[in-house]
Amino acid sequence: MKEKKDNRDAFEDIWGKALQDAESQPSPEVWYRIQKGLNRGKMHPWLIVKLMAAASLVFAMGLGTYTLFIQQNETSGVVAVSSISDDRELVPQERLSGEALSLEDNKADRALTEQGIDVTGTIKDLEIAPIEIDPKAFIADTREREMRDSAVPDAVLAHPMHLPTRLSAARLAEIESRSEYFIVPELIHKKKETSTGTVFLAGLDIGTGVFNPNTQPAAGLASFSEGYFAQLAGDVRSLDRLDMGLLNYAMADAALPREESRTGFSYSYGINVGAHIKNRFVLHTGLQYVHARTVTTTSGYFTQSESAIRTPALTSNAIANFGSARFESSPSYEVDNSFDFISVPIKAGYVLLDQKLSIIAFGGLATDFFLNNRISSDKPGISSTSNGPGDLSPYRSMYFNGLLSTSFNYQLGANYALMIEPQYRRSLNSFTKSDHLFSSDPHFFILNFGLMYNFK
Amino acid sequence: MDEHKGLVEKCIKRDPKAQRRLYDLFAPKLYAICQRYTKSTLEAEDVLQESFIRIYESIEKFRGESRLDYWMKRIVINTALSLERRKLYMFPMATVEDANEVHMAEDALAAFRFEELLAMIRSLPAGCQAIFNLFAIEGYSHQEIAELMNIKEGTSKSQYARARRLLQAMILKENRHLYEREKR
């Protein structure tokens, strides 16, 4: 590289010797940032775990819905299983007490009488006269889709708790040897329980999930850089002031910021109120605080003209810094880009399953009120910045989300229920203002956990 | 090259330990270079960070035809120049012949610590600073510098002359050594 025609002399030798082999230790953070830079673009292991958890939950929802809802119809709703070991267990208590019952009071006795069996007198006097009863009539077969009342002797139907006679021990042994049988008296006449009247509920919930800001350059712009450059060049349609004199950078040589956002996470907490109306319909609303965070990569920062404070340069805060800061390019680095909202959801639901475990499918609308956007970085010398709604913000102060969810509620006691609710939210209108140079249509997948109280 | 061959091969395979070893071996020297081409510690660390990322991402292209540290040094210099390019404005210059030249003794800089020399270099205008580093320390010719920075060779010479006089003035001001003054 050295050439004589360049007239090198002792000056260069002196400086070369002093600095050629010089060494200096960088801060430990540099290695950390290098690692982050090398892992850029790779899917973070934690995100893989979250996606797997979400997929598992959806699978569990589908399997649970199939198991609980569809297979439910195949059972007979048996309440107890019992193997009769003693004939006396089948004898109505009234008879054990020795009292005789009149025919008018005992429909079972009437039925027996019609069959030619003398039911007067006490147990002691009753001769053992086994009645041939088809064992199948006493067996609730779980494979049958509905109880066949006609298979059950009329005597049992007449008074479920009473059998008009005792089964002989031999007959009992025969039944037991064939299969288990169930005492189903209550269910024979069991009516399907349905909700009647309006029941009000209230509860608390917390949620966590995945957040995707889904930011794109506005239509007509090829990239964020182009949108950004257009803003810095003064093509800001929503502002009047164009103080280019304060914007100090070489436009021709400026390394435009490379900006991209990744899927992040969110959490929320709040209160829920609702009402079960009619049989299977519910209405819910509430108030929630939502915090959503994503990681954005950029390659520039703003230096404030007066204070020399440096803040990350994103397209979203370009307008706020327009005219008051100087833009400078830098190697790519990551910033935390977080958003705070107050959300008011309104949703209508249909009860798919109404047991101790209930399942409700919801659809609805959430109105989100934008509170704050905070941009921060752990890069030394870069300060964080916050922007709320207003003229200088690219974000609307309020926007709407559609939401779909399925709520799983497990009853605890008479009034309380635990709730798990996977929910998907998608913006119905853009989170950014219509005249801005990028758009954001966020969507969330949230898993809510809650405790509900119903005012029965 | 042979002493680092194994290390390079492991870095090509993205072995994190090998990458860390490479960083520990060469970062101090490369960081000193970054500091000479930038105006602050923050910028120097940015250049070092970006340089190492480029080194790891392109290390499979290293053929072993030159020394590994020379290859890495070139990447650092190119990175520093590309990131600082927009700041490399050039001052209008008086001609070289108009200047008074100061001859320096061989040990003229012996009394200065690295940080002091670095501060002097950083006080130069950005364009002068880069050209001074390339010519005086790295040993590039003015023609090579002109190609590297997309300027004219004459500009490189005049900016270097400016840098040289400014540094001489700084050392003279410090008055830490005996010198001879000679009018051209």
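The values are calculated or read from the model by the stated rules, or taken from the named source; none is laboratory data. Predicted model only: the values in this text are computed from it and were never measured. Protein only, heavy atoms only, side chains kept; ligands, DNA and RNA dropped before computing areas. Shrake-Rupley method; radii C 1.70, N 1.55, O 1.52, S 1.80 Å.
Here the Karplus relation 6.51 cos²θ - 1.76 cosθ + 1.60, evaluated at θ = phi - 60°, turns the backbone of the range A:330-341 into coupling constants of 7, x, 4, 8, 9, 10, 7, 10, 10, 10, 10, 9 Hz, with x for every Gly and Pro.
Shown in residue order for the range A:356-371 are the 3J(HN,Hα) couplings computed by the Karplus curve 6.51 cos²θ - 1.76 cosθ + 1.60 at θ = phi - 60°: 4, 9, 10, 10, 10, 9, 10, x, x, 9, 10, 9, 9, 9, 6, 9 Hz (x for Gly and Pro).
For A:ALA313, nonlocal amide neighbours, meaning residues 5 or more places apart or on other chains whose placed amide H falls under 5 Å from its own, are A:GLY300, A:TYR301, A:PHE302. Taking H as built 1.01 Å from N, whose amide H comes closer than 5 Å to the amide H of A:LEU371, not counting residues under 5 places away? So A:LEU371 has HN proximity to A:ASP340, A:PHE341, A:ILE342.
Quick check: with the 1.4 Å probe, what order do B:LEU83, A:LEU371 take by accessible area, largest first?
A:LEU371, B:LEU83
Note that the range B:1-58, at 4 °C in a medium of 1.567 mPa s, gets a Stokes-Einstein diffusion coefficient of 108 µm²/s from its Kirkwood radius over C-alpha pairs.
Rounded to the nearest whole Hz, the Karplus-based 3J(HN,Hα) values (6.51 cos²θ - 1.76 cosθ + 1.60, θ = phi - 60°) of the range A:282-297 follow the sequence 9, 10, 10, 8, x, 9, 9, 9, 10, 10, 10, 9, 9, 10, 10, 9, with x at glycine and proline. Taking B:TRP71, A:TRP31 and ordering them by how much accessible surface each has at a 1.4 Å probe, largest first, produces B:TRP71, A:TRP31. Checking the table A:LYS36/B:LYS73; B:LYS13/B:LYS152; B:LYS29/B:LYS61; A:LYS379/B:LYS152; A:LYS347/A:LYS379 against a 31 Å threshold on Cα-Cα, which pairs fail? Going by Cα-Cα distance, B:LYS13/B:LYS152; A:LYS379/B:LYS152; A:LYS347/A:LYS379 fall outside the 31 Å limit. In this structure, the amide hydrogen of B:TYR140, modeled 1.01 Å from its nitrogen in the peptide plane, lies closer than 5 angstrom to those of B:PHE135, counting only residues at least 5 positions away or on a different chain. Per-atom-type breakdown for the range A:279-364 gives carbon and sulfur 57% of the accessible area (1.4 Å probe, protein chains only). Take the accessible area of chain B alone and of chain A alone, subtract that of the pair, and you get about 4400 Å² summed over both chains, using a 1.4 Å probe.
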